[in-house]
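A.B. asks: Input: one structure, supplied below.
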Number of protein chains: 2
Amino acid sequence: MLKYALLGFLNYNPATGYDLKQFIDVSTSYFWHAKQSQIYTTLKKMEEEDLVSSRFEPQEGRPNRRVYTISQDGKDELIGWLEKPLDSIEKHKEKLLLKIFFSAGIKKDIVLFELHQQEKLHQKQLLRYQNTTKEVIDQFKGSTGLSEDAEFWEMTRRFGELYEQMNITWLREVISKLEEKDD
Amino acid sequence: MLKYALLGFLNYNPATGYDLKQFIDVSTSYFWHAKQSQIYTTLKKMEEEDLVSSRFEPQEGRPNRRVYTISQDGKDELIGWLEKPLDSIEKHKEKLLLKIFFSAGIKKDIVLFELHQQEKLHQKQLLRYQNTTKEVIDQFKGSTGLSEDAEFWEMTRRFGELYEQMNITWLREVISKLEEKDD
DNA sequence: GAATACATGTAAAATGTTACATGATTTT
DNA sequence: AAAATCATGTAACATTTTACATGTATTC
């Protein structure tokens, strides 16, 4: 699946593994993240499948770079995937919910501490979506040839915003419920 | 991580791999799912680590069963995990968002079809949380020795409900925005 | 007569994480 | 003087998925 993310970015421009790691970190990482090592190995496999081709570029003063370019096969594979509707909803893994599920016997204060900490983290993430992320997307909206794309990026940002708000709502609800209980 | 889910269930009662698969499917699967094969191999590893012990029970007329029981080490490991606060928020992978992110060049109708289908699926899941899941939990709340646990299960159910509602809100918002656009 | 429930396991493949190794240039 | 940026890669390990293999009893 990481393959599609990489094809998506390479469909804009040729790029190196290093570039792609950075693109992902500042954009899709909130709904599709990857480690550097996985990006490099996936690119290698994609080249064997002829979805991309690479050329090695020697540089002076800094490390050599391997620049990947999407092929026609790669473009077809990307479009084919984008056009084929998903037939199910995503299954997530949520450590926090798993812990809560089994926490009936745990001291109230310990659970409350964790919930408060999570609330802080989600609050922080919400602000990131509302400020930093929003500003970056707005810049693309009002310029260059990417204003159309930026409208789609905005939709994914908005998901993040709603998700964090929902999370905070839930955490406050659960915190209240727990506080009322006697331990 | 599946280890903790299995310890959590075994902490209630000894059970077989088959039992555990079913417990998971009807309860935690919405935030922690697992395939049958993974459950069996994980139990085996857990026995090697002395977190559980097993006894083989021959049966007549039906397959033999291997019943797992949690050990003191297993209990300690479970409680230790439950009491240690998470220090970050979960990173999810959302195929739909990845697709939307790269869909600027895709025909509007194709994207809209997918979004409508996702809305239906989320609506269905929302109803499941509000009806089936709710009823099961309410039964435990008003009986036996599990009414305390059921209050925690309810918190995770509530998360599911809010999550599906948020998803539907977002999908409707995105559908409206896309419909207004000219292709 | 077909499907479902009961019940266990292995093997192979895919995916993802952690850790290691290298080394120049630029910024703090 | 230390840390960050640029840049690539491999190896080992852990996790997860897919697929295979088997066989009885009960329910539709």
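A.B. asks: With +1 assigned to the C-beta of every Lys and Arg and -1 to the C-beta of every Asp and Glu, and no other charges, what is the dipole magnitude of the protein assembly as shown about the Cα centre in debye, to the nearest 20?
C.D. replies: Here the size comes out at about 480 debye.
A.B. asks: Determine, for the stretch B:2-107, the count of lysine pairs separated by eight or more sequence positions (or lying on different chains) whose alpha-carbon distance falls under 24 Å.
C.D. replies: Taking the stretch B:2-107 as the scope, the lysine pair count is 26.
A.B. asks: Follow-up question, since we're still on this one. Among the trypsin sites (Lys or Arg not before Pro) within the stretch B:1-71, which fall in a DSSP loop and have no more than 14 other Cβ atoms within 10 Å of their own Cβ?
C.D. replies: B:35
A.B. asks: Right, another one. Got the residue B:146 label distances to the other copies yet, label 7 Å along Cα→Cβ, in nm, shortest first?
C.D. replies: 5.2
A.B. asks: Let me ask something else. Grab the other residues whose beta carbon is less than 13 angstrom from that of residue B:146, score K and R as +1, D and E as -1, and report the net.
C.D. replies: -4
A.B. asks: Does anyone have the angle between helix B:108-128 and the longest principal axis of chain B? Alpha-carbon axes, 0 to 90°, nearest 10?
C.D. replies: 40 degrees
A.B. asks: So if I place +1 on the C-beta of Lys and Arg and -1 on the C-beta of Asp and Glu, and nothing else carries charge, what would the dipole magnitude of the stretch B:60-174 be about its Cα centre? I want it in debye, nearest 20.
C.D. replies: In debye, rounded to 20, the stretch B:60-174 gives about 700.
A.B. asks: Which distances, in nm and shortest first, link the residue B:37 label point to the same label point in every other copy, taking 7 Å along Cα→Cβ?
C.D. replies: Inter-copy label distances (nm, one decimal, shortest first): 2.3.
A.B. asks: Which loop trypsin sites (Lys or Arg not before Pro) in the stretch B:134-183, with loop taken from DSSP, have no more than 15 other Cβ atoms within 10 angstrom of their Cβ?
C.D. replies: Sparse-neighbourhood loop trypsin sites (Lys or Arg not before Pro): B:181.
A.B. asks: Now for a different question. When only DSSP loop residues count, what GluC sites (Glu not before Pro) in the stretch A:15-84 have their Cβ near at most 15 other Cβ atoms within 10 Å?
C.D. replies: A:49, A:60
A.B. asks: Another question, then. When the helix-only estimate is applied to the protein assembly as shown (DSSP H runs of n ≥ 4, each -39,500 (n - 2.57), divided by the residue count), what is the mean residue ellipticity at 222 nm, nearest 500 deg cm²/dmol?
C.D. replies: When only DSSP H runs of four or more count, the value is -20000 deg cm²/dmol.
A.B. asks: In terms of the Cα gyration tensor, with a ≥ b ≥ c the square roots of its eigenvalues, is the stretch A:2-83 rounded because a/c is under 1.5, prolate because a/b exceeds b/c, or oblate?
C.D. replies: Verdict is oblate for the stretch A:2-83.
A.B. asks: How far, in degrees from 0 to 90, does helix B:36-48 lean away from the longest principal axis of the Cα atoms of chain B, to the nearest 10?
C.D. replies: 40 degrees
A.B. asks: Please determine, in degrees from 0 to 90 and to the nearest 10, the orientation of helix A:72-83 with respect to the longest principal axis defined by the Cα atoms of chain A, where the helix direction is its Cα long axis.
C.D. replies: Helix A:72-83 and the main axis of chain A meet at about 30 degrees.
A.B. asks: What's the Cα-based Rg to Rh of the protein assembly as shown, Rh via Kirkwood?
C.D. replies: Checking Rg against Rh, the ratio lands at 1.02.
A.B. asks: Rank A:147, B:127, A:18 by how far each Cα sits towards the positive end of the charge dipole of the protein assembly as shown (+1 on Lys, Arg Cβ; -1 on Asp, Glu Cβ) and give me just the farthest.
C.D. replies: About the Cα centre, the residue reaching furthest to the positive side is A:18.
A.B. asks: So, one more: What is the sum of charges around residue B:41, taking Lys and Arg as +1, Asp and Glu as -1, for the other residues whose C-beta is under 12 Å from the C-beta of residue B:41?
C.D. replies: Charge balance near residue B:41 sits at +2.
A.B. asks: Something else about it: On the principal axes of its Cα set, how long, how wide and how thick is the stretch B:95-180? Give whole Å, largest value first.
C.D. replies: Cα extents, longest axis first: 57, 19, 16 Å.
A.B. asks: Over what distance in Å are the Cα centres of the stretch B:25-55 and the stretch A:132-153 separated?
C.D. replies: A separation of 45 Å, based on Cα centres.
A.B. asks: Based on Cβ point charges of +1 for Lys and Arg and -1 for Asp and Glu, what charge dipole magnitude is obtained for the stretch A:2-83 about its Cα centre, in debye rounded to the nearest 20?
C.D. replies: It works out to roughly 380 debye.
Rule-based calculations on the coordinates, nothing more; no lab input. The shown structure was predicted, so the numbers you read here are calculated from the model rather than taken from an experiment. For neighbour counting, all protein chains shown are included, and Cβ atoms are generated from backbone atoms with ideal geometry for every residue, glycine included.
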